[in-house]
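Enquirer: To start, I am sharing the structure in question, which I have written as structure tokens.
The values are calculated or read from the model by the stated rules, or taken from the named source; none is laboratory data. This one's a predicted model, so the numbers in the text were calculated from it and none came from an experiment. Here the Cβ positions follow ideal geometry from the backbone for every residue, glycine too, while neighbour counts run over all protein chains shown. Please note that ligands, DNA and RNA were not included when accessible areas were found on the heavy atoms of the full protein model with its side chains. Shrake-Rupley method; radii C 1.70, N 1.55, O 1.52, S 1.80 Å.
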Amino acid sequence: MSEQALAKVKIYRYNPKVDREPYYDEYDGIPFEGRTVLDVLKYVYEKHDTSLAFRYSCRGGLCNVCLLMLNGKNVMSCKKLAEKEMIIEPAKNKKVIKDLMVDLSEKVEAGV
Amino acid sequence: MSNIVTQIETDVLVVGSEGTGARAAIEADNYGARTILASKGIFGGSGVTLMAPYSCCVAFGHEDPRDNPREHEKDTIMGGQFLGNQRLIRVYTENAPQRMLDLESYGARFNKKEDGKFEQVLMPGHRFPRAIHYKFATGKQFRKGLMNEVGRRPNIKVYEDFFVLDLLVESGKISGALALDLRTGELVLVKTGAVILATGGAMEMFYPRSDASCDLTGDSHAMALRAGAQLRDLEFMQFFPTGMVHPPALNGVIWIGQLRYKCGGLLYNRYGERFMKKYDPVNMELSTRDLVSRAMATEIIEGRGTPHGGVWLDVSYLGDNIVEAYAAEVFPNFSFRGYNLLEAGVDIRKDAIEVAPMAHFYMGGITINEFCETGIEGLYAAGEVTAGINGANRIEGNALSEIQVFGAIAGQVAAQYAGQQAKSEPNREQVEEKCAALLAPLERNEGVSYFGLRRQAQEIMWTQVGLVRDGEKLEKAAAALTSLREQSSRICVRNKTRECNREWMEALETQNMLLLAEAMARSALYRKETRGAHYRRDYPEKNNDQWLVNVVATLEGEKLNINQAPVEFTYLKPEEV
Ligand SMILES: Cc1cc2nc3c(=O)[nH]c(=O)nc-3n(C[C@H](O)[C@H](O)[C@H](O)COP(=O)(O)OP(=O)(O)OC[C@H]3O[C@@H](n4cnc5c(N)ncnc54)[C@H](O)[C@@H]3O)c2cc1C
Ligand code: FES
């Protein structure tokens with residue numbers, strides 16, 4: 001593993017209370033090797049923008065609340081390995097509360 | 001203008017929605033109380049109940065008819081090294097069978113034998129086979145049964161993303177609670193006659209060395225302290241010996257631990273030394289969980305750890321085919337619960353992996369009696385957030401059954417209490433004052449960031465208040481934590497948006513965590529002996545003459561007081577065994 005490999009990430013942002021429509025934030029130079037998509041979100045949250053909204057709890061692939069869409073597919077972000085180019089969006093067919101935080105009251109089973 | 005936008009009213013507020021909380025809500029509902037079941041996260045998707053893979057110990061005696069609740073009681077008292085509250089333990093072991101049948105009637109499944117009796121498995125610390133389970137996913141059955149049952153009861157209102165922050169007490173009686181609705185960012189006043197704290201452990205104090213959920217930041221411990229309740233046994237945190245620490249994707253993965261005890265895994269420090277020979281030359285890597293964890297932590301903390309702060313666990317000395325055959329059996333394709341070792345860059349056939357002990361279960365917590373009462377009228381607590389059943393150490397499988405027993409008791413007692421009381425009106429001034437404090441980090445334009453405070457505290461906890469302790473380090477740790485706690489009154493949150501503000505939430509969590517962390521460090525400093533999960537290098541022996549007592553913590557103003565309370569040997573005396 002080379003230490004230098006860094007990812008390019010595009011993240012969906014939307015606060016229905018204030019934004020007229022969703023938009024994307026883009027980040028370059030994000031460490032991703034050996035990390036999950038959730039690790040990447042935590043990195044972006046901490047280093048770049050603490051207003052990013054996303055969910056997780058068990059960090060162990062069990063609770064299903066970290067569900068989101070990576071490059072067009074629903075995944076559990078705490079167990080999905082990060083990739084070099086990522087578009088991260090809210091889970092499919094879920095109402096967005098803010099950014100990646102969706103209403104989970106209709107339970108879905110994990111796809112990945 | 002008032003800071004409170006929303007007010008709601010209920011009879012019973014249950015804080016924490018999982019194994020304990022959901023059971024409490026069901027029982028409160030049985031007793032006719034209007035009930036709110038609140039979770040900081042999602043109902044059925046927060047806390048650790050759903051993560052528990054296997055054992056739920058109950059003395060049904062289906063595998064061995066000699067077993068009964070009295071035998072279970074004895075094992076639990078001895079496992080806790082005589083610090084458990086024996087009255088609570090009796091209530092626990094006697095009620096556990098019926099509570100598990102309740103859970104079954106809600107729709108949870110357990111492995112059964114052909115004759116319809118429970119399959120019961122022998123676990124360490126128990127003298128009889130006692131663990132009921134459902135495959136390797138028992139906790140998920142708890143979730144299923146409890147969610148079904150709560151769903152059938154329209155008078156239980158589930159509040160998700162609802163972060164309960166503080167208790168309102170009027171002349172020694174609960175009058176309500178304050179919460180942050182995370183979705184809207186509004187502060188909510190919950191007027192209620194009774195509150196049940198069911199928020200589980202506080203393993204986040206040790207993150208990243210924790211295998212538990214991120215929700216467990218000691219909020220209730222701190223709320224209880226501030227409300228004037230007592231905490232006890234805080235020096236006892238149970239660690240799971242081997243969780244991965246690298247790569248980050250696999251941090252906290254603990255199932256890998258079986259490579260040590262089932263597949264001949266060897267442990268090495270950074271110098272390639274099989275260090276277990278210094279700690280247990282006879283049993284080496286197969287020594288007890290406690291000793292292995294302690295030895296690993298010693299190596300890591302004394303600077304002989306691996307690059308990412310673990311020790312090496314190695315099975316690569318075995319033939320590839322041996323490792324492959326073992327893996328095929330327990331984690332086919334080197335994959336478990338969707339975590340694939342090979343994809344994450346870890347090949348255990350060739351390389352050793354980096355592992356460290358992980359905080360796993362908190363024995364300490366809020367002091368309760370057999371009715372889940374805390375000493376403050378209308379305030380109840382149950383489940384992992386309490387102390388009393390597990391004393392100085394928990395034996396395996398006792399948590400899942402405990403939470404059903406005490407969840408139910410708390411629900412009943414709280415509902416009955418709330419039904420009889422005229423509600424006291426929350427004091428407006430107190431409410432506004434508390435709200436102002438909760439809003440301060442958001443309104444402040446400069447100050448400290450919570451990140452640093454949290455990280456520093458977690459590092460102090462792991463290196464100085466973790467598995468290997470001594471007086472000098474604990475003194476320093478306690479002083480450092482006091483200072484972090486002082487600084488935490490100046491936290492400034494950069495993100496000023498109200499909705500879904502994780503930074504604000506984590507800042508408030510950090511304040512709670514710091515208070516509990518300091519109480520834990522001071523409790524560990526107070527107990528000058530070694531017992532159960534508490535190991536003092538400077539007092540390496542167990543001392544029954546002086547230390548058969550519970551260490552208790554209370555808060556006076558901003559000052560933590562640590563004292564001791566006698567243990568009553570109601571049913572079993574140490575000299576009898
Ligand atoms: C990985 C793992 C495996 C385990 N395996 C076993 C096992 O096999 N057998 C066994 O007996 N025990 C096991 N345990 C222990 C056992 O699972 C727990 O002790 C038990 O499930 C705790 O239940 P609880 O309901 O008290 O807390 P939790 O299940 O942790 O629930 C806590 C709840 O409180 C909520 N909460 C926290 N703070 C707030 C707040 N401020 N406001 C609102 N809500 C809040 C959370 O969101 C959550 O809903 C295991 C623990 C872990 C970590
Ligand atoms: S955080 Fe629980 S499944 Fe991802």
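Enquirer: Restricting region B:16-40 to residues that are open to solvent by 10 Å² or more (accessible area, probe 1.4 Å) and not in a helix (DSSP H, G or I), which is farthest from residue B:184 (Cα to Cα)?
Expert: Selected residue: B:31.
Enquirer: Just for strands (runs of 3 or more DSSP E) wholly inside chain A: which have at least 3 residues that are touching a residue at least 40 places away in the same chain (Cβ under 8 Å)?
Expert: Correct list: A:6-13, A:85-89, A:96-98.
Enquirer: When you scan region B:199-221, how many residues do you find that are more than 19 Å from residue A:65 (Cβ to Cβ) and either open to solvent by less than 10 Å² (accessible area, probe 1.4 Å) or within 16 Å of ligand 2 (Cβ to nearest atom) (or both)?
Expert: Count: 7.
Enquirer: Okay, next question. Looking at the structure I just gave you, is residue B:525 more than 27 Å from residue B:388 (Cα to Cα), away from chain A (no Cβ under 14 Å) and part of a helix (DSSP H, G or I)?
Expert: So residue B:525 does not fit the description; no.
Enquirer: Further question: So which residues in region A:52-69 are closer than 15 Å to residue A:10 by Cα and facing chain B (nearest Cβ under 10 Å)?
Expert: Within region A:52-69, A:52, A:53, A:54 qualify.
Enquirer: What are the residue pairs meeting all of these: first residue in region B:290-313, first residue open to solvent by 10 Å² or more (accessible area, probe 1.4 Å), second residue in a strand (DSSP E or B) and hydroxyl-bearing (Ser, Thr, Tyr), Cβ atoms under 8 Å, and 6 or more apart or on different chains?
Expert: Sorted first by the residue in region B:290-313, then by its partner, the pairs are B:312/B:268.
Enquirer: Quick one: in region B:456-506, which of the residues that are touching a Ser or Thr at 6+ places or on another chain (Cβ under 7 Å) and closer than 19 Å to residue B:296 by Cα is surrounded by the fewest Cβ atoms within 10 Å (Cβ to Cβ)?
Expert: Ranking the qualifying residues of region B:456-506, first place goes to B:468.
Enquirer: Can you name the condition, by its number, that residue B:224 falls short on among (1) open to solvent by 10 Å² or more (accessible area, probe 1.4 Å); (2) within 21 Å of the chain's Cα centre (by Cα)?
Expert: Residue B:224 satisfies every listed condition except (1).
Enquirer: Among the residues in region A:87-110, are any farther than 30 Å from residue B:143 by Cβ and more than 16 Å from ligand 2 (Cβ to nearest atom)?
Expert: The answer is yes, given that some residue of region A:87-110 is farther than 30 Å from residue B:143 by Cβ and more than 16 Å from ligand 2 (Cβ to nearest atom).
Enquirer: Pick from region A:18-53 the residues that are closer than 18 Å to residue B:207 by Cβ and within 10 Å of ligand 2 (Cβ to nearest atom): which of them is surrounded by the most Cβ atoms within 10 Å (Cβ to Cβ)?
Expert: Ranking the candidates gives A:36 first.
Enquirer: How many of the residues in region B:529-576 are part of a helix (DSSP H, G or I) and surrounded by fewer than 18 Cβ atoms within 10 Å (Cβ to Cβ)?
Expert: So the answer is 6.
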